[in-house]
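Asks: Have a look at the structure that comes next, please.
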Amino acid sequence: MVTLRSTRAWTVVKASLATILLLCGSQVLAAGTASNTQLQNTVTVNFDNAGGTPQTAVTAQVIITIELIKATPTITFSTSIPTNLSTVSETEAVSLIFTITSNANGPDDYLLNVTESSVINIGATTITNPTDVGILGATTVGAGFVITNGGGGGTGPGDCLVADAGICQLVVPNDDASDGAVNGFGGGDTIVFDGGPVCTVTTVNDLGGGNVTNLSGVLGTDFSVINFDNCDGAGASLTFGQSIFERTDVTVALTMGTIIAPPADGTTDIDVTAEPDVGGTPSATVTTAIVVLAADLSVVKYVRNVNDVAQTGTDASPFDVLQFNGATYYRAGITAAPGEVLEYALLMINNGGAIQGVVATDPSIAFTTYVPSPTFGIQVFHTEDITDTACVVSNECVVTNVGGSTSNLDDTLATALDIGGLAGSTITVYAGVGGNEVGAVGGTIAINKVSVVLYRLTVN
């Protein structure tokens, strides 16, 4: 009597695998079976000799390998540095971070494409990006189990007790390479379960090199293992054949251009797609809009009568009044008698964009005398020392000072670390942060910050 017995085993190489059904003498493969999966089909023939004595069975086998079916990866915008992309300055360095997830039936190499579009009133952006994203791994769940967040030996959200305390132990098919990675996954990788949680790989047990997988066998002998932890969500039930993908973050570095026609702002769109290295279909375009602010500095000049502090000026329109350091200044309406002292305040406001090289020149008024240091001199209150600016509340600009810098040396224009002085009949101030009259270096004023300059003149 001759009988036939067919047996099958399979191995997987760096892939995602849908459920494989082994049905008596026939094999049904679901779409998405992992690439490089080795399907081994062994037939056994039992027979007797002429005398009816059973003979040693003979076998024959066929091994086939599943091909990689490329798939479009998923790409999403994650975050940026700075986080607010509507107040970017000219020439500022910007980082855009995107998350890419593989969707193929096996590990594949992916590319990133970055272009610029819808550019208005700004020069070209310098784009630096990793064109080659690299290989993203994939495999399949080889044995169903439940991730229990915070349960068992776990210590917090994302921990679970499956085989080892606090660690999820994922049974997966062997791959065909003994390289310390399992189907493209290694320690530190981000692992994504199709329709399930996102976790972090801790370690792997790689039993690759062509070993046939026996999922009911012994760990370290018959199948490979991916250990993972720190899963998001509230736990999940994983089933045999469920796809597993790798996720990674990719940073696109930008250096913004300069405004073409100030004071209008500039805008640009950064378009990003991801695709398999060779022969794949690009993802849908992810567009990130960026607004580059033009340098926009406004200056308002105020005065008060130091000898008649009760005197009030015009208070009819926004910015008519400045409240600073406990004193009140006006744009108009102040009078003075000979011998009285007028204190002037220059309010410089950065309304948007990068402002640097700030130098204020203010010719002194005829029939007045500049009040030098140490009596008063020039006082500059730098950007980082100003808080609570509200210049359009009622008609008053309220500026609270918590520090400052005073030109209290010789009031000439040649003293190191001095911030200004009188030369001839002109007062020159190197305002903002870092202003220095040596080298004629103007300082900087950050976006939405102010700098206040004070000086005094005595009426002759």
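Asks: Of the listed peptides 337-343, 139-145, 87-93, what is their order by residue-averaged count of other C-beta atoms within 10 Å, with the highest listed first?
Replies: Taking the mean over residues of other Cβ atoms within 10 Å, the ranking is 139-145, 87-93, 337-343.
Asks: In addition: What list of ³J(HN,Hα) couplings, whole Hz, do you get for the stretch 359-369 from phi and the Karplus terms 6.51, -1.76, 1.60, once you set θ to phi - 60° and write x for glycine and proline?
Replies: Couplings: 10, 9, 10, 9, x, 6, 7, 4, 6, 9, 10 Hz.
Asks: ³J(HN,Hα) across the stretch 290-297 via Karplus (A = 6.51, B = -1.76, C = 1.60, θ = phi - 60°), whole Hz, x for Gly/Pro?
Replies: Karplus-based 3J(HN,Hα) across the stretch 290-297 equals 10, 10, 9, 7, 6, 4, 9, 10 Hz.
Asks: For Thr203 and Gln61, what is the calculated FRET efficiency with R₀ set at 22 Å and r taken between the beta-carbons, to the nearest 0.05?
Replies: The calculated FRET efficiency here is 0.10.
Every number in this text was worked out from the coordinates using simple rules, so none of it is lab data. Not measured: the values here are computed from a predicted model. Every residue, glycine among them, receives a Cβ derived from its backbone with ideal geometry; neighbour counts consider all protein chains shown.
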